[in-house]
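Notes follow the structure.
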Amino acid sequence: MIQLRLDTPKRECFIRVVCISDIHDQITKIIHRIPDGDILICAGDFTHTGSEEKLKEFDETVGKLPHKFKIVIAGNHDLGFQDDYSLSESQENIACRGLKGTPKGYKLLKNCIYLQDSSTKVMGLNIYGSSWHPLPGFPFYLPRGQQLLEKWNLIPTGTDILVTHTPPLGHNDIFNKENTRCGCSELLNTVEKRVHPKFHVFGHIHEQNGVTTNGETTFINASICTHALNPIYDPVIFDIPKP
């Protein structure tokens with residue numbers, strides 16, 4: 001799969017989409033590396049703990065970008081975004097234990113379209129976003145199997161661009177520290193057997209930034225940070241024909 005260079009000229013008959021994910025509070029450090037485009041997509045973890053200060057910083061910073069539409073979903077580190085979050089402190093991952101983030105923090109995103117189990121249509125494209133993932137101890141966690149599948153069953157057919165925080169199984173989903181695949185098999189089956197989106201954008205698994213394809217759907221891990229939270233990876237861009 002050939003990945004477009006960031007300096008690839010825009011083409012008149014195409015929509016340019018720019019993808020980022022897993023910034024972890026560092027939007028101001030990477031803003032100069034975000035190329036121009038029509039749509040900007042962020043696949044979650046734009047903050048590290050969901051603090052109000054960093055939420056506002058993210059929103060104000062992306063608001064200065066020229067992209068006409070900014071599409072955002074939450075990740076497991078965007079604390080406070082899951083309205084019905086109910087894990088006890090003892091059940092939480094040490095990375096977020098005792099932290100509450102900003103309840104309903106998505107309401108602070110004035111310059112973005114926030115998606116959670118919902119769709120938006122921009123420039124003729126149907127874009128669906130969902131934050132659920134199979135990593136215990138964080139917001140938006142659900143166990144693998146039926147519970148996650150029920151969330152993926154909400155994804156409508158006719159979706160052009162699917163945005164999730166977790167990757168599907170087998171596509172840029174190897175966690176380097178353990179060399180194990182962490183993607184969701186139910187999500188993969190949903191993508192390949194029912195929804196058939198043209199593009200599937202995600203993050204969550206750091207150090208797997210890149211593009212793969214199954215011949216029908218292009219899969220994009222747009223993570224910016226390494227596991228050590230160094231923002232060294234570039235955004236990923238793609239062009240899609242205007243409807």
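Condition test on His200, is it under 18 Å from the mean Cα position of the chain (by Cα) and buried (at least 17 other Cβ atoms within 10 Å of the Cβ)?
When the stated conditions are applied, His200 passes them.
In segment 34-60, of all residues being in contact with an Asp or Glu (Cβ under 6 Å, 6 or more places away or on another chain) and in contact (Cβ under 8 Å) with a residue 60 or more places away in the chain, the one that is farthest from His200 (Cα to Cα) corresponds to His48.
The set of residues from segment 58-74 being among the acidic types (Asp, Glu) and under 18 Å from the mean Cα position of the chain (by Cα) comprises just one member, Asp59. Note on segment 162-190: among residues that are over 17 Å from the mean Cα position of the chain (by Cα) and charged (D, E, K, R), the one that is surrounded by the most Cβ atoms within 10 Å (Cβ to Cβ) is Glu186.
Is it the case that some residue within segment 138-159 is assigned to a strand (DSSP E or B), in contact with a Leu (Cβ under 9 Å, 6 or more places away or on another chain), surrounded by 16 or more Cβ atoms within 10 Å (Cβ to Cβ) and among the hydrophobic types (A, V, I, L, M, F, W, C)?
Applying the first criterion (assigned to a strand (DSSP E or B)) to segment 138-159 yields 141.
Filter once more, so that each one left must be in contact with a Leu (Cβ under 9 Å, 6 or more places away or on another chain): 141.
Filter again for surrounded by 16 or more Cβ atoms within 10 Å (Cβ to Cβ), leaving 141.
Retained after the next criterion (residues that are among the hydrophobic types (A, V, I, L, M, F, W, C)): none.
Within segment 138-159, not a single residue is assigned to a strand (DSSP E or B), in contact with a Leu (Cβ under 9 Å, 6 or more places away or on another chain), surrounded by 16 or more Cβ atoms within 10 Å (Cβ to Cβ) and among the hydrophobic types (A, V, I, L, M, F, W, C).
Here's the yes/no breakdown for (1) within 19 Å of Val236 (Cα to Cα); (2) free of Cβ contacts under 8 Å to residues at least 60 places away in the same chain; (3) not acidic (Asp, Glu):
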site: Ser131; (1), (2), (3): no, no, yes
site: Gln147; (1), (2), (3): no, yes, yes
site: Lys151; (1), (2), (3): no, yes, yes
site: Leu154; (1), (2), (3): no, yes, yes
site: Leu169; (1), (2), (3): no, yes, yes
site: Asp173; (1), (2), (3): yes, yes, no
site: Cys182; (1), (2), (3): no, yes, yes
site: Thr190; (1), (2), (3): no, yes, yes
site: Arg194; (1), (2), (3): no, yes, yes
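Residues satisfying the criterion are absent from segment 14-26 (criterion: among the aliphatic types (A, V, I, L, M) and surrounded by fewer than 16 Cβ atoms within 10 Å (Cβ to Cβ)). Lys193 meets all of the listed conditions (1) buried (at least 16 other Cβ atoms within 10 Å of the Cβ); (2) modelled with pLDDT of 95 or more; (3) more than 16 Å from Ser21 (Cα to Cα) but one, namely (1). Being within 16 Å of Phe46 (Cβ to Cβ) and surrounded by 21 or more Cβ atoms within 10 Å (Cβ to Cβ) is the filter here, so list the residues in segment 215-234 that pass it. Correct list: Asn221, Ala222, Ser223, Ile224, Cys225, Tyr233.
Of all residues in segment 42-77, those satisfying the criterion of being under 17 Å from Pro231 (Cα atoms) and not hydroxyl-bearing (Ser, Thr, Tyr) are Cys42, Ala43, Gly44, Asp45, Phe46, His48, Lys54, Glu57, Phe58, Val62, Gly75, His77.
Among the conditions (1) free of Cβ contacts under 8 Å to residues at least 12 places away in the same chain; (2) buried (at least 22 other Cβ atoms within 10 Å of the Cβ); (3) polar (S, T, N, Q), the only one that Ser86 does not satisfy is (2).
The values are calculated or read from the model by the stated rules, or taken from the named source; none is laboratory data. Worth saying up front: this structure is predicted, and the values here are computed from it rather than measured. Reconstructed Cβ throughout: ideal geometry from the backbone, glycine too, with neighbour counts over all protein chains shown.
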